[in-house]
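J.: First, the structure itself, so that you have it in front of you.
The values are calculated or read from the model by the stated rules, or taken from the named source; none is laboratory data. Because the structure is a prediction, the values reported are computed rather than measured. FYI the Cβ positions are ideal-geometry reconstructions off the backbone, even for glycines, and counts take in every protein chain you see.
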Amino acid sequence: MTRVLVIEDDPIIGEMLTLYLTEEHFHVQRVETAHEGKSALATFSPDILLLDLMLPDSEGTDLCDLFRKLTAIPIIVISMKSAVTDRILAISSGADDYLCKPFSMQELKARMNAVLRRSTQQIVMSGASSYEVQTKIEQASSGISLDLERRTIILNNEHIETTFSEYEIMKLFFQNPGRVFTREELINTVRGIDSFINDRAIDVHVTNLRRKIEKNPKEPQYIKTVWGVGYKFMK
């Protein structure tokens, strides 16, 4: 059973979320503060986090950054703030999706299933052993690898942490070296066709990846911009 941690201080919304998700066969734990949320990450071991951005002891997109540093599980923000800038800031700070209150419970479930599905996908590699498929994809000529178990990039034998979205983009690049991906294709890979994200958010994710893997992010060696189209990954 999928374990959902809900960090929401509004009693009405919190109760609605708990009741609906429980009826949909999720195992739900709800807390009301960031402090309680941090404790629940360790004791409850959730598979996905639903995070309100206005809590009694903390608020704003710093919450996304805080919880992203604590866990690699998918994070969906649920917030009253509907401005595009707020959404982009949350995604750039580590959120994997963003829902504005009020929202449809059915849409929430669909988005949860989408990010969970992508977080558990395994890449099938022809000729690779099951251990190799589960743990590592390597590009020998570039010296960069992906650790599938830890969902990290390996560069110069060091594990580099990424957000959920950054990792999914990098995984797609690794599967298709040299192929040019449009921003729309990257959007669909990261969020799904019905979820919110835009071209600017994709550019932010690519910029962050370059900062993590490139010697000179302003003159990238691996993730190339194809002007007017999108991006490609070079071995």
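J.: Identify the single condition in (1) modelled with pLDDT under 85; (2) at positive phi that S45 does not satisfy, given that it satisfies every other one.
T.: (1)
J.: Still on this structure: Go through L63, L89, L51 for me and flag whichever is assigned to a strand (DSSP E or B) and buried (at least 19 other Cβ atoms within 10 Å of the Cβ). First the steps, then the outcome.
T.: Working: L63 fails: assigned to a strand (DSSP E or B); L89 fails: assigned to a strand (DSSP E or B).
Answer to the check: L51.
J.: Within region 199-220, can you find the residues that are assigned to a loop (DSSP other than H, G, I, E, B) and over 16 Å from I144 (Cα atoms)? Give the derivation first.
T.: Step one: of region 199-220, the residues assigned to a loop (DSSP other than H, G, I, E, B) are 214-220.
Result: K218, E219.
J.: Working only within region 37-47, note down all residues that are touching a residue at least 12 places away in the same chain (Cβ under 8 Å) and either of a type in the set (A, V, I, L, M, F, W, C) or buried (at least 17 other Cβ atoms within 10 Å of the Cβ) (or both).
T.: Residues of region 37-47 touching a residue at least 12 places away in the same chain (Cβ under 8 Å): 37-38, 40-41, 44-47.
Scanning region 37-47 gives G37, A40, L41, F44, P46, D47.
J.: Take T18 and decide whether it is loosely packed, with under 14 Cβ neighbours inside 10 Å and assigned to a helix (DSSP H, G or I).
T.: Values: loosely packed, with under 14 Cβ neighbours inside 10 Å: no; assigned to a helix (DSSP H, G or I): yes.
When the stated conditions are applied, T18 does not pass them.
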